[in-house]
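Participant: Once you've had a glance at the structure underneath, I'll fire off some questions.
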Amino acid sequence: MLGAAVLVSLRTFRMFLLLCTNSLILKSSGDDSISSLQPITALMGDDVILPCGLKNPTDVRSKTVVWTKPGLNPKYIHVHQSGRPVHQAQHPSYRYRTTLFEDQLVNGNVSLKLFRVKISDAGTYVCSIQSMGTRASVQLSVGAASSPVIGLARFDGDGGRLVLRCQSTGWRPQPELSWLDSEGHVLPAGPTETLRGPGDLYSVSSTLTVDERDGNRFTCRVQQKDINQMRETHVQLPVHPITSSDRTWLWAFFAVTAVPIVVFVCIAIKITPGETRDQRPGPV
């Protein structure tokens, strides 16, 4: 009897150790989930993929996959349960803008695709697979960029010198503006004026006084190195000294080229991204 009791106790102890060991392995497999080592950068209006998945291919189609954004209320970005998305708990600003790659769930890939990115989408995202102890986070940075517009600011003095103005609106983060000659050399220009407008978008502008020795082709370059974005606009001026007839031609030229762009920018500002398009479901 004593021997039998000891044998049962040993079997129970071994089973307990096996359960503990399996629990540690399961928790370890959760720690093996992968995410991006570097922050993901996207431009406003683009679609972006936030990576998350298991290193060892595992079928998670029957599992509950949850994406959250800490600090948001409600914090749920996407919930996938019983083979379909659950919208009840989803934050309203992400409605119809998220999806998983359902054909990849069999391999343990639970990456999230986010459609029509907004500036407010920037932040930390956490993915988890419930009952498996998996958890990973990824940082999303959202930028914005737009092409600059060159216009004629004024004529300076009797020497026929021109003062050009370059302006670019709708940047995030704050960009740098520079003027270049036809050889690509940076020209001395007026200080860059920076304004921070609605939606935390920046506008920058600067003027350049044109001299004959600077050539006749000029480039306004606006760039933001953090999001690896650069936009340029070129202008070609007459090669001979500016006359009164040239002044009339130049004013007409800049008026014709600038007005449509200004109208377009005004329309774009009036209809901001996300006000109308967010009502459309993204591709699945």
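Participant: Based on this model, can you work out whether Val138 counts as closer than 30 Å to Gly53 by Cα and in contact with a Pro (Cβ under 7 Å, 6 or more places away or on another chain)?
Facilitator: Spelling it out, Val138 is indeed closer than 30 Å to Gly53 by Cα and in contact with a Pro (Cβ under 7 Å, 6 or more places away or on another chain).
Participant: Looking at the range 142-163, which of the residues that are small (Gly, Ala, Ser) and surrounded by 16 or more Cβ atoms within 10 Å (Cβ to Cβ) is modelled with the lowest pLDDT?
Facilitator: The extreme case among them is Gly160.
Participant: A further question follows. Could you figure out which of (1) at pLDDT below 95; (2) under 25 Å from Gln224 (Cα atoms) isn't true of Arg95?
Facilitator: Answer for Arg95: the failing condition is (2).
Participant: Could you please find all residues in the range 179-228 being crowded, with 16+ Cβ neighbours inside 10 Å and hydroxyl-bearing (Ser, Thr, Tyr)?
Facilitator: Thr192, Tyr202, Ser203, Ser205, Ser206, Thr207, Thr209, Thr219
Participant: Let me ask something else. With respect to the numbered conditions (1) over 30 Å from Asp46 (Cα atoms); (2) in a strand (DSSP E or B), which one is the sole condition not fulfilled by Ser182?
Facilitator: (2)
Participant: Same structure, new question: Please name all residue pairs, on different chains or six or more residues apart, with Cβ atoms under 9 Å, provided the first residue is in the range 39-52 and is of a type in the set (S, T, N, Q) and the second residue is in a strand (DSSP E or B).
Facilitator: Thr41/Val48; Thr41/Leu140; Thr41/Ser141; Thr41/Val142; Thr41/Gly143
Okay, residues lined up against (1) in a loop (DSSP other than H, G, I, E, B); (2) of a type outside the set (A, V, I, L, M, F, W, C):
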{"residue": "Ile77", "(1), (2)": "no, no"}
{"residue": "Ala89", "(1), (2)": "yes, no"}
{"residue": "Thr124", "(1), (2)": "no, yes"}
{"residue": "Ser146", "(1), (2)": "yes, yes"}
{"residue": "Pro191", "(1), (2)": "yes, yes"}
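Yes or no, residue by residue, for (1) open to solvent by less than 40 Å² (accessible area, probe 1.4 Å); (2) more than 30 Å from Pro198 (Cα to Cα):
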| residue | (1), (2) |
| --- | --- |
| Ile49 | no, no |
| Lys63 | no, yes |
| Tyr96 | no, no |
| Lys113 | no, no |
| Val117 | yes, no |
| Met132 | yes, yes |
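Participant: Further question on the same structure: Consider only pairs whose beta carbons are under 6 Å apart and that are at least six residues apart or on different chains; among these, list those whose first residue lies in the range 130-153 and is within 25 Å of Val117 (Cβ to Cβ) and whose second residue is of a type in the set (S, T, N, Q) and open to solvent by 50 Å² or more (accessible area, probe 1.4 Å).
Facilitator: Ser137/Thr124; Gln139/Thr124; Ser141/Thr41; Val149/Gln167
Participant: Within the range 98-111, take every residue that is out of contact with any Pro (no Cβ under 6 Å at 6 or more places or on another chain) and not hydrophobic (A, V, I, L, M, F, W, C) and give me the one that is surrounded by the fewest Cβ atoms within 10 Å (Cβ to Cβ).
Facilitator: Checked the range 98-111; the qualifying residue surrounded by the fewest Cβ atoms within 10 Å (Cβ to Cβ) is Asp103.
The values are calculated or read from the model by the stated rules, or taken from the named source; none is laboratory data. Keep in mind that this is a model prediction, so the values were computed, not measured. Cβ atoms come from the backbone with ideal geometry, glycine included; neighbour counts cover every protein chain shown. The accessibility values were calculated without ligands, DNA or RNA, using every heavy atom of the protein model including side chains. Shrake-Rupley method; radii C 1.70, N 1.55, O 1.52, S 1.80 Å.
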